1. For the range 162-182, enumerate the residues that are more than 13 Å from THR196 (Cα to Cα) and among the polar types (S, T, N, Q).
2. Taking the residues in the range 130-149 that are under 24 Å from the mean Cα position of the chain (by Cα) and of a type in the set (Ser, Thr, Tyr) as candidates, determine which candidate is surrounded by the most Cβ atoms within 10 Å (Cβ to Cβ).
3. Might you check whether a residue that is without any contact (Cβ under 8 Å) to a residue 40 or more places away in the chain and surrounded by 11 or more Cβ atoms within 10 Å (Cβ to Cβ) occurs anywhere in the range 150-158?
4. Restricting the search to the range 93-121, which residues are surrounded by 14 or more Cβ atoms within 10 Å (Cβ to Cβ) and under 14 Å from ALA226 (Cα atoms)?
5. Working only within the range 84-119, note down all residues that are of a type in the set (A, V, I, L, M) and within 16 Å of LEU141 (Cα to Cα).
6. State whether the residues of the range 209-218 include one that is over 16 Å from LYS75 (Cβ atoms) and surrounded by 14 or more Cβ atoms within 10 Å (Cβ to Cβ).
7. In the set LEU259, LEU223, which member is closer than 30 Å to ALA83 by Cβ, at pLDDT 80 or above and within 60 Å of the chain's Cα centre (by Cα)?
8. Residues LEU172, LEU202, LEU195, LEU124: which one is surrounded by 15 or more Cβ atoms within 10 Å (Cβ to Cβ) and either within 30 Å of ILE94 (Cα to Cα) or of a type in the set (Ser, Thr, Tyr) (or both)?
Amino acid sequence: MRRIRGAVAGVALLGVALLAGCGASGSSSGSSSGAAAPVQKQDSGEAADGSSTGGAPQSQNKPQAEPTVTRAIIKTGSLTLEADDVDGTRQKVITAVSGLRGQIASEDTGSNDEGRITRVNLVLKVPTASYETAIQRLSELGKRTQIHQESTDVTEQVVDVESRIASQRASLARMRALMTKANTIGEIVSVETELTRREADLESLLAKQKNLALQTELATLALTIAEKGEAPVKKDPDRGFVAGLKGGWDAFTATFAALATAVGAILPFAVLLALIVVPLWKFRNRLRRQPAMTPAPATATATASTPPPDGK
């Protein structure tokens, strides 16, 4: 009986041990699966919203915004108006341009025999932003008979000049740094020469930049105001054979006029020279025609007076 009880007790202990091992393995496997599940969920969540893992590729593939470039435009034009009172219209034009912060660059007026102004030519400078407004306001001051407008894009030139100025300034900075390191007189003279040349190039670029800025900031408008019925009519230029014929005739008349001018300038001197040379030439010919008065030879006289010899 004791052996049976001992065997039953051993089997019971073995079962308890087996149950304990299964519980431990179940708990360990459950804990490991529970730890791995959140990691997989986190990875899938990051890939879905792109906050960390998927965010970097999206930011790299996103195109970068290009820098904005302000267009530089040069605007020019011409405008012709007819008015009853040319001088009064001229005053109104000056007032309108001043209201747009513009200025009168040049002025040329013409009048009739009575002294009344019948024609005015103005070159106006107005801000480019107010160019269309200026044309509209000026067109209301009279009858518009002719208008011409041009726009030139010089953005590339402006950007190129700015880039060259930046490079030139950096080059000057390097040359000034070399100047502080020069020891001998030859090195100092060489660096100063190169520095002077580059400073001159920089000044030239700055002048070009200023000129472009003035042309782009201020538009140019040529305005002509004429009395009604006397406005100049703009004709289309001739081309082809007619243009060549007119050009040849103009060249011929210009050459003939130049020759006539030269002859007219020389003629007084030619007359004076003739008055002096002609009498001298006649006097010289008269001296040549007079015979030379020479005495008879002495031998001939002696022969004539000597008697012949005897026996002859």
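The values are calculated or read from the model by the stated rules, or taken from the named source; none is laboratory data. Quick caveat: nothing in here was measured; it's all calculated off a predicted structure. Glycine also receives a Cβ, built like all others from the backbone with ideal geometry; neighbour counts cover every protein chain displayed.
1. Residues satisfying the conditions are SER163, SER167, THR180.
2. Only one residue fits best here, namely TYR131.
3. Within the range 150-158, none of the residues are without any contact (Cβ under 8 Å) to a residue 40 or more places away in the chain and surrounded by 11 or more Cβ atoms within 10 Å (Cβ to Cβ).
4. VAL93, THR109, ILE117, THR118, ARG119, VAL120, ASN121 - these are the residues of the range 93-121 that are surrounded by 14 or more Cβ atoms within 10 Å (Cβ to Cβ) and under 14 Å from ALA226 (Cα atoms).
5. Selection gives VAL86, VAL93, ILE94, ALA96, VAL97, LEU100.
6. yes
7. It is LEU223.
8. LEU124
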